[in-house]
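Just below is one structure, and these are the notes that go with it.
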């Protein structure tokens, strides 16, 4: 799951203008922010585990089950600009409190959703959670930049994103243990007692998550004055659609749409894909635990990629990683057994540098309008809503292996964008 490296709010004031935090305040603020990155990584990756659960509980097709991702990632598109405005109005710390409260509210909506026993209330709950996470992304990334010296802000953000990746690594294993134990691929949940137990199984982890988020919100509320009144955001800029006349940004927006959609489509199908008899033939619970390796590979790849980006031009490396994702997806779809499983999980390694590289390269050269470009890139995350549904439709019609053509097409655009960037280097570009 992507963790944004830029926000669609205006850039925070520099310490030179406002006065830096004390070392103790900065450390406290940074430690609290790491908890945020871990929390939303853990909570959001559980959607990959919810998909097979909902599929059996509500007798859904793959396309219908993918509406879980649609409901969640649609939130990024709908709430990106309102989140920037809310943070600009409230300030960073109070914005974080608001984001945590909204996210907790979405998690706790799993309780009435389970009582009603219908699919759509769960989708509403995920949509509300996405609203909260969008607010957090806007506020928390800015807070990370303020929690220490300006010269080390990139290092702090990298560490924070590693904590987000740690959450996405642990989440699938925990979710599989809590939600999928005893379930087999294709087995429907029937009978009043079995359905009641399944709904209770869904409610428990999200009730715990909601409670922990409320506790975290209380902690941030008590520390809401940590930044003081000076370190506050400026009002968010407009939408800036005129910026799309610049190919670097336009192609980058499409690349974010394609990459996020491809990554999420694979993650969403991965449990069912690994459980197939022709692949590993695992139970859903065991397959769900292996999803952790997909997200864990992305975490490892970020560290490897960071080292490579200091030696290889960003566009060229992006193209090479996208080509790797295409090759691995093709090998997996055209083979079977352990090879197919290892290849599709290894796509996570290829995913690793794509989001931060696309994002940072797309806004280069925008100057004071970088935040407007970032807003457009944030909205393009809606690809995580669209491409998984398309992949689900292909899976229903032609099987899970054939469904990999959808992410392959997404990675093909990323490959093109990397090649395009490599032929148009921008002086002073950094990643």
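The values are calculated or read from the model by the stated rules, or taken from the named source; none is laboratory data. These numbers were taken from a predicted model, which means no experiment stands behind them. Reconstructed Cβ throughout: ideal geometry from the backbone, glycine too, with neighbour counts over all protein chains shown.
See the values below:
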item	result
Selected residue (only one of 339, 377, 366 is buried (at least 21 other Cβ atoms within 10 Å of the Cβ) and either at negative phi or within 15 Å of the chain's Cα centre (by Cα) (or both))	377
Where residue 307 falls short, out of the listed (1) surrounded by fewer than 24 Cβ atoms within 10 Å (Cβ to Cβ); (2) assigned to a helix (DSSP H, G or I); (3) over 20 Å from the mean Cα position of the chain (by Cα); (4) touching a residue at least 60 places away in the same chain (Cβ under 8 Å)	(4)
Top-ranked residue of the stretch 160-202 - restricted to ones that are modelled with pLDDT under 80 and assigned to a helix (DSSP H, G or I), ranked as nearest to residue 121 (Cα to Cα)	195
Test: residue in the stretch 320-336 that is surrounded by fewer than 18 Cβ atoms within 10 Å (Cβ to Cβ), more than 23 Å from the chain's Cα centre (by Cα), modelled with pLDDT under 90 and not in a helix (DSSP H, G or I)	no
Some residue of the stretch 295-305 being at pLDDT 85 or above, farther than 25 Å from residue 253 by Cα and in contact with a helix residue (DSSP H, G or I) (Cβ under 6 Å, 6 or more places away or on another chain)	yes
Sole residue being more than 18 Å from residue 302 (Cα to Cα) and part of a helix (DSSP H, G or I), chosen from 365, 384	384
Filter pass, residue 291 being more than 30 Å from residue 246 (Cα to Cα), crowded, with 19+ Cβ neighbours inside 10 Å and in contact with a helix residue (DSSP H, G or I) (Cβ under 6 Å, 6 or more places away or on another chain)	yes
Residue 401 surrounded by fewer than 17 Cβ atoms within 10 Å (Cβ to Cβ), assigned to a helix (DSSP H, G or I), modelled with pLDDT of 95 or more and more than 17 Å from the chain's Cα centre (by Cα)	no
Segments classed as helices (runs of 4 or more DSSP H), wholly inside the stretch 1-101, with at least 3 members that are at pLDDT 80 or above	23-45, 47-57, 62-65, 67-90
Filter result for the condition that a residue is within 21 Å of residue 84 (Cα to Cα) and in contact (Cβ under 8 Å) with a residue 40 or more places away in the chain, over 421, 415, 376, 404	376
